[in-house]
Amino acid sequence: MNADEIAAGRARWQARYDAARKRDADFTTLSGVTVQPVYGPPEGTAYPGFERIGWPGEFPYTRGLHPTGYRGRAWTIRQFAGFGNAQQTNERYKMILGAGGGGLSVAFDMPTLMGRDSDDPQALGEVGHCGVAVDTAADMETLFDGIDLAGVTTSMTISGPAVPVFCMYLVAAERQGVDLSRLDGTLQTDIFKEYIAQKEWLFDPEPHLRLIGDLMEYCAAEIPRYKPLSVSGYHIREAGSTAAQELAYTLADGFGYVELGLSRGLDVNVFAPGLSFFFDAHLDFFEEIAKFRAARRIWARWLRDVYGATSEKALWLRFHTQTAGVSLTAQQPVNNVVRTAVEALAAVLGGTNSLHTNALDETLALPTDESAEIALRTQQVLMEEIGVTNVADPLGGSWYVEALTDAIEAEAEAIFARIRQLGGEGPHQIGPMTSGILRGIEDGWFTGHIAESAFTYQQALEKGDKKIVGVNCHTGTTAKELEILRISHEVELEQRRVLAERKAARDDAAVTAAVQRMVEVSRTGGNMIPPMLDAVRAEATLGEICDALRAEWGTYREPARF
């Protein structure tokens, strides 16, 4: 790019920056030196390839979505929490919000994640242990009691039974008197990554995609601020993928959902802004920053050039980040505070829109109040003390970071091409990327490559080529054993007792009729969200809704592979 083109780009950025709202904050160094909101090539100089880097707030968005960076708005502190019953988790949410958290993120227990009620025999011993138990809309009411759902953004990390759980959230909001069109937040709903990595599915892929398409249509029409899909790379990375595999598989899944929306006749400029992403922030500091920057650039180019998006917001890749749970160690767990801080800083320098920081004891148990507060304060130290919010994309132009960004992008593009090849030559009713993803799931292509990457890393650890402090080096310690949070068996007994009372008090005939009506709609081309909402309003449980659909659609069994 020549000097005149760079100067014109700087002028465009300056005009947009001047017109944008900025926070009332001190944008100087600790020593009081004023810093510029963005830095670029020296005036009057050329910079070959600068169009791939660009300026914050304009295509290809390598340097961020907004011209102001974090000067306009800092990232949202969105701490992931859920344990025991809805009342216990509600108390944790109020602690997080009272301590300065900006948004909520719901962790569900395993029975809920699998579409099972707390009194299901398969739920025995699991209720409330890895998240909060939610059986009915009444649990959602308790979960958010005293929290204005119109005034807080809420993320829910659930995919298989995401749609009925979301309906319970909507009914809880109705019972608060909230105008549903004002709701803002994110539902994960990403079923592709379940088959690829996390394994929490209910049905074959096609019925899940049908529900997701219905949800996309419903949210676009009724709840425009709410994001019905958070395409998740986090679980792909936690399963053992490399950074480039995480990026490529996640964005490919996102392209599949774009194809799903287009196959429904939706306008890409309307529904694409409702897609968001969820990435892992792992330990290789610069590689992670490069991954986030490449992600924005790839998404913008594909949405514009492949899928025909023309509006700016449709080209924006918005993403939440969580620090790497798999990087936490049970040995010398206090070291996890340092790991989490470095990972969080990488997410921020990569331009994350919201962030969760893991607690130091999460490799052992659910976080205690104290460890949850340390995790929250880690973000607040980054936000308030170290000057990282003063400059947009401060590492932009670094030879190392730009080379890494280009390399990860090139590797991701090669993976996209391979996925499309997996789909074969024949057209798919949704789209070519979707066809390749479904074939890759069926053949074990994704799981095989992730397993190979995980094995390679494990070998490097065992040889000592890769180091983990406290595990395979620097193992001596004076640390004492941590006090961890333990979930009492009484939680399960109480949840089952309350559920039995709710079932006894409801109108069973109304529940049966509403669930049957939902099943009838599933046999047509109608949107399933309205009848599912009616079933939830009648106090149908999550398990009853999911079991009715299992009876209609069957369940998915992963093929055995050797």
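Summing charges over neighbours of Ser311, with a neighbour being any other residue whose Cβ is under 11 Å away from its Cβ, gives 0 when K and R count +1 and D and E count -1.
What full-extension length gain, to one decimal in nm, is calculated for Ser31 and Glu222 as 0.36 nm per residue of separation minus the Cα-Cα distance?
63.8 nm
In terms of the mean number of neighbouring beta-carbon atoms within 10 Å, the peptides 98-110, 547-559 order highest first as 98-110, 547-559.
Here the accessible area of region 130-281 is 45 percent carbon and sulfur, with a 1.4 angstrom probe and all protein chains present. Against the chain, whose longest principal axis is taken from its Cα atoms, helix 3-19 shows a tilt of about 50°. Of the peptides 165-174, 380-389, the ranking by mean beta-carbon count within 10 Å, highest at the top, reads 165-174, 380-389. Note down the magnitude of the dipole of the chain about its Cα centre, charges +1 on Lys and Arg C-beta and -1 on Asp and Glu C-beta and zero elsewhere, to the nearest 20 debye. The calculation lands at about 1120 debye. For region 307-465, the solvent-accessible area works out to 43 Å² per residue, with a probe of 1.4 Å and every protein chain left in place. Taking every C-alpha pair closer than 8 Å and separated by at least 6 residues, the mean separation divided by the residue count of region 92-209 gives a relative contact order of 26 percent. Relative to the longest principal Cα axis of the chain, at what angle does helix 489-505 sit, 0 to 90 degrees, rounded to 10? So the helix axis and the longest Cα principal axis differ by about 60 degrees.
Per residue, the average separation of C-alpha pairs within less than 8 Å and at least 6 apart gives the chain a relative contact order of 18 percent. Annotation for region 332-367 versus region 1-44: alpha-carbon center distance of 30 Å. Beta bridges assigned by DSSP with both partners in the chain are antiparallel in approximately 5 percent of cases.
Just check region 377-447 against the gyration tensor rule for me: Cα atoms, a ≥ b ≥ c as the square roots of the eigenvalues, rounded for a/c under 1.5, and otherwise prolate or oblate depending on whether a/b exceeds b/c. Note, shape of region 377-447 comes out prolate. Ranking Gly115, Asn527, Gly151 by how far each Cα lies toward the positive end of the dipole of the chain (charges on Cβ) leaves Gly151 at the top. Full extension of the chain between Glu520 and Glu384 yields a length gain of 43.5 nm, computed as 0.36 nm times the residue separation minus the alpha carbon distance. Between Thr310 and Thr45, the simple label model (points 7 Å from Cα in the Cβ direction) yields a spacing of 3.9 nm.
With r as the distance between the Cβ atoms of Thr456 and Lys480 and R0 = 35 Å, compute the FRET efficiency 1/(1 + (r/R0)^6) and round to 0.05. Mind dumping the intermediate values first?
Numbers: r = 35 Å, r/R0 = 1.01.
It comes out at approximately 0.50.
Would you mind calculating the relative contact order of region 113-163 from Cα pairs under 8 angstrom and at least 6 residues apart, reporting the percent as a whole number? In percent, rounded to a whole number, it is 47. Each label point was placed 7 Å from the Cα along the Cα-to-Cβ direction; for Met95 and Arg561 their separation is 4.1 nm. In a reduced charge model with +1 at each Lys and Arg Cβ and -1 at each Asp and Glu Cβ, region 1-155 shows a dipole moment near 940 debye about its Cα centre. Applying 0.36 nm per residue to the separation of Asp284 and Arg377 and subtracting their alpha-carbon distance, the gain on full extension is 31.3 nm. For region 351-508, the fraction of 1.4 Å probe accessible surface lying on carbon and sulfur atoms is 52 percent. Under the simplified labelling scheme, the Asp24-Val326 pair shows an inter-label distance of 4.6 nm, with each label point 7 Å from Cα along Cα→Cβ. Sorting 414-421, 493-500, 290-297, 428-435 by average packing, meaning the other beta carbons within 10 Å per residue, from highest down gives 290-297, 428-435, 493-500, 414-421.
Please give the charge dipole size of region 205-251, origin at the Cα centre, charges +1 on K and R Cβ atoms and -1 on D and E Cβ atoms. Round to the nearest 20 debye. It comes to approximately 140 debye.
The values are calculated or read from the model by the stated rules, or taken from the named source; none is laboratory data. What you see is a predicted model; the values in this text were computed from it and never measured. Cβ coordinates were reconstructed from backbone atoms using ideal geometry, including for glycine residues, and neighbour counts include every protein chain displayed. Just so you know, the surface numbers come from the protein's heavy atoms only, side chains and all, with ligands and any DNA or RNA stripped out. Shrake-Rupley method; radii C 1.70, N 1.55, O 1.52, S 1.80 Å.
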